[in-house]
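The values are calculated or read from the model by the stated rules, or taken from the named source; none is laboratory data. None of the values given here were measured: they were computed from a predicted structure. Using ideal geometry, Cβ is built from the backbone for each residue, glycine included, and neighbour counts are taken over all protein chains shown. Ligands, DNA and RNA are excluded from the accessible area calculation, which covers all protein heavy atoms including side chains. Shrake-Rupley method; radii C 1.70, N 1.55, O 1.52, S 1.80 Å.
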Amino acid sequence: MNTLAAVMQLFVAAAFVSIPIVRHRFGPAAKAAAEAELRCQNVRPEVLEENNLRFDAGGHETVAPVAVAAVMTAVAAVNFAGAAPAQVLTWIFSSLVLLMNAVIVYSNLAAVRSVEAAFRRKEDPELARVEVQPFLQAAEDAFPRWVRAQTYLRNTVVFGGSTVALIAVTLR
């Protein structure tokens, strides 16, 4: 059963690595679309950079998913080896990944509200004028249609793979 857990953990790692790959490839187009929407709203596009707002794979958009992938790969290696701490490590890290992914899904569902709140916290009068829904929609529309399906698949792999890994190490 450790092998099944390890394989699932490698799938989870690959799912997390897909995030910065997609953002790296299509983030510049999303930024350009968001900037165009800002121009339509009579907001200077430079306000994004002035407030460190990005759509690419820079910063935490790469570091966090790659770190998760590295940890899950290491735990998979421990499971493949059949080492004693495999069950405990799987319980800790697969559970954390489940929780983190739930937070990610929630933040995606509440993106408009959270971006509006973030813009208010910045106390930038220009950001306060941004109509967030069309701004985010423009950025999202710049990603190919298959990215939405990839997001659903990624979430399915993360939730399902983590759950299967937890069950596999419990039943061993």
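Can you name the residue in the stretch 37-52 that is farther than 17 Å from A142 by Cβ and open to solvent by less than 30 Å² (accessible area, probe 1.4 Å) and is also modelled with the highest pLDDT among such residues? Explain how you work it out, then say what you get.
Going residue by residue through the stretch 37-52, those that are farther than 17 Å from A142 by Cβ are 42-44, 46-47, 49-52.
Among the residues that remain, those that are also open to solvent by less than 30 Å² (accessible area, probe 1.4 Å) are: 43, 47, 51.
Values: V43: 95, V47: 90, N51: 81.
Once the filter is applied, the top-ranked residue is V43.
Residues in the stretch 107-114: is at least one farther than 22 Å from R154 by Cβ and out of contact with any Asp or Glu (no Cβ under 7 Å at 6 or more places or on another chain)?
Scanning the stretch 107-114 turns up at least one residue that is farther than 22 Å from R154 by Cβ and out of contact with any Asp or Glu (no Cβ under 7 Å at 6 or more places or on another chain).
Quick one: would you say A168 is assigned to a helix (DSSP H, G or I), closer than 19 Å to V22 by Cβ and touching a residue at least 60 places away in the same chain (Cβ under 8 Å)? So that I can check it myself, show each step before the final result.
Numbers: assigned to a helix (DSSP H, G or I): yes; closer than 19 Å to V22 by Cβ: no; touching a residue at least 60 places away in the same chain (Cβ under 8 Å): yes.
So A168 fails the test.
Would you confirm whether or not the stretch 19-31 contains a residue that is crowded, with 16+ Cβ neighbours inside 10 Å, modelled with pLDDT under 95 and either within 15 Å of V157 (Cα to Cα) or touching a Leu at 6+ places or on another chain (Cβ under 6 Å) (or both)?
Yes, that holds for at least one residue.
Which count do you get for residues in the stretch 53-81 that are open to solvent by less than 50 Å² (accessible area, probe 1.4 Å) and either among the β-branched types (V, I, T) or more than 20 Å from the chain's Cα centre (by Cα) (or both)?
Summing the residues that are open to solvent by less than 50 Å² (accessible area, probe 1.4 Å) and either among the β-branched types (V, I, T) or more than 20 Å from the chain's Cα centre (by Cα) (or both) in the stretch 53-81 gives 6.
Could you please find all residues in the stretch 121-143 being surrounded by 13 or more Cβ atoms within 10 Å (Cβ to Cβ) and in a loop (DSSP other than H, G, I, E, B)?
Matches in the stretch 121-143: D124, R129, V130, E131, A142, F143.
Run down A84, A74 and say which single residue is of a type in the set (G, A, S) and in a helix (DSSP H, G or I).
Details: A84 fails: in a helix (DSSP H, G or I).
On inspection, the qualifying residue turns out to be A74.
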